[in-house]
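A short worksheet on the structure shown next.
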Amino acid sequence: EAGVTQFPSHSVIEKGQTVTLRCDPISGHDNLYWYRRVMGKEIKFLLHFVKESKQDESGMPNNRFLAERTGGTYSTLKVQPAELEDSGVYFCASSHARNYGYTFGSGTRLTVV
Amino acid sequence: SQKIEQNSEALNIQEGKTATLTCNYTNYSPAYLQWYRQDPGRGPVFLLLIRENEKEKRKERLKVTFDTTLKQSLFHITASQPADSATYLCALGGSARQLTFGSGTQLTVLP
């Protein structure tokens, strides 16, 4: 089966610009997660979808971040406007159920300059 | 606040030996604990999940223990190989809590 796909793999944008990250989960996985690792820190939770619904978005840093999951399939994470502290690696993961192992994508490395 | 600590940022061992990685946590009562492997430039790869009512789990050369009294998990790789060199992450989860990751231990298996 195909894994979790993230696009783009790298993105360099200027402060104030907008960036949209995309994640295609494993087909049939209702649970989709976004995580982020900023330089030198642990991987931190951002939000969790169950199908097209946001189950938990307690990890979203602020209202500059907007996540959507169209029709319960792929998901996008938009950062608008981007700030320097948004730089990091954004991971998407999907799972069959909450207490199963997650399958992660390779991540999108975002650099805001 | 909850805290997860993984032993020493880096661990070097000789090929063929058993690597033991530690994950300690405080202010948390996880329903399960997961171990992941991460290689440079890649996302974490799921290895094992152990639930709070399980003491030990095995998968090939991997073994995980979970002691909820000590609030500790041990991750063992027996007969280690240079290909096992990677960063290993522990992550705690629960029915009402999202998966929380430790900072990881970088393992290097020397030939």
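The values are calculated or read from the model by the stated rules, or taken from the named source; none is laboratory data. The structure displayed is predicted, hence computed values, not measured ones. With ideal geometry, Cβ positions are generated from the backbone for all residues, glycine too; neighbour counts draw on all protein chains shown. We work out accessible area using only protein heavy atoms, side chains counted, and drop any ligands, DNA or RNA first. Shrake-Rupley method; radii C 1.70, N 1.55, O 1.52, S 1.80 Å.
Structural remarks
- Isotropic mean projected area of the C-alpha convex hull, chain B (nm²): 6.7 nm²
- With 20 Å as the limit on Cα-Cα distance, the pairs of A:44/B:3; A:15/A:54; B:17/B:59; A:51/A:78; A:41/B:3 that go past it are A:15/A:54.
- Near residue B:107, the amide H atoms lying under 5 Å from its own belong to B:11, B:86, B:87, B:88; only residues 5 or more places off or on other chains count, and H is placed 1.01 Å from N.
- Annotation for the range A:1-99: GluC sites (Glu not before Pro) lying in DSSP loop with at most 12 further Cβ atoms inside 10 Å of their Cβ are A:1, A:14.
- Carbon/sulfur fraction of accessible area - the protein assembly as shown, other protein chains in place, 1.4 Å, %: 48 percent
- Cα principal axis extents for the range B:50-93, largest first, Å: 33, 18, 16
- Evaluated over chain A, the Cα radius of gyration and Dmax, each in Å: 13.1, 38
- With a 10 Å cut-off around each Cβ of A:41-48, the average count of Cβ atoms from other chains is 5.
- Think of each Lys and Arg Cβ as +1 and each Asp and Glu Cβ as -1; about the Cα centre, that makes the dipole of chain A roughly 120 debye.
- Amide H contacts of residue A:17 (H built 1.01 Å from N, under 5 Å, at least 5 apart or other chain): A:82
- Couplings for the range A:49-55, taken from phi via the Karplus curve 6.51 cos²θ - 1.76 cosθ + 1.60 with θ = phi - 60°, read 9, 10, 6, 8, 9, 6, 7 Hz in order; Gly and Pro are left as x.
- From the alpha carbon centroid of the range A:20-81 to that of the range B:57-111 is 25 Å.
- Sites counted here are chymotrypsin sites (Phe, Trp or Tyr not before Pro) in a DSSP loop (not H, G, I, E or B) having no more than 16 other Cβ atoms within 10 Å; the longest part of chain A that contains none of them is A:1-73.
- Table column - 3J(HN,Hα) (Hz), the range B:65-72, Karplus curve with 6.51, -1.76, 1.60, x for Gly and Pro: 10, 9, 10, 6, 6, 7, 6, 8
- FRET efficiency for residue B:56 and residue B:2, using Cβ-Cβ distance with R0 set to 30 Å, rounded to 0.05: 0.80
- Cut-off under 5 Å, modelled amide H: who pairs with residue A:56 long-range: A:48
- One Cα centroid belongs to the range B:1-47, the other to the range A:89-113; the line between them spans 17 Å.
- Buried solvent-accessible surface, both chains (B, A), 1.4 Å probe, Å² to nearest 100: 1500 Å²
- Debye equation applied to the C-alpha atoms of the range A:21-79, log10 I(q)/I(0) at 0.18, 0.21, 0.23, 0.27 Å⁻¹: -0.59, -0.78, -0.92, -1.18
- Debye log10 I(q)/I(0) for the protein assembly as shown, one point scatterer per Cα, at q = 0.12, 0.15 Å⁻¹: -0.65, -1.00
- Positive-end residue, the range A:30-113 charge dipole about Cα centroid, Cβ charges, pick of A:100, A:45, A:74: A:100
- Neighbour cut-off at most 16 other Cβ (10 Å), DSSP loop, GluC sites (Glu not before Pro), the range B:2-83: B:9, B:15, B:52, B:54, B:60
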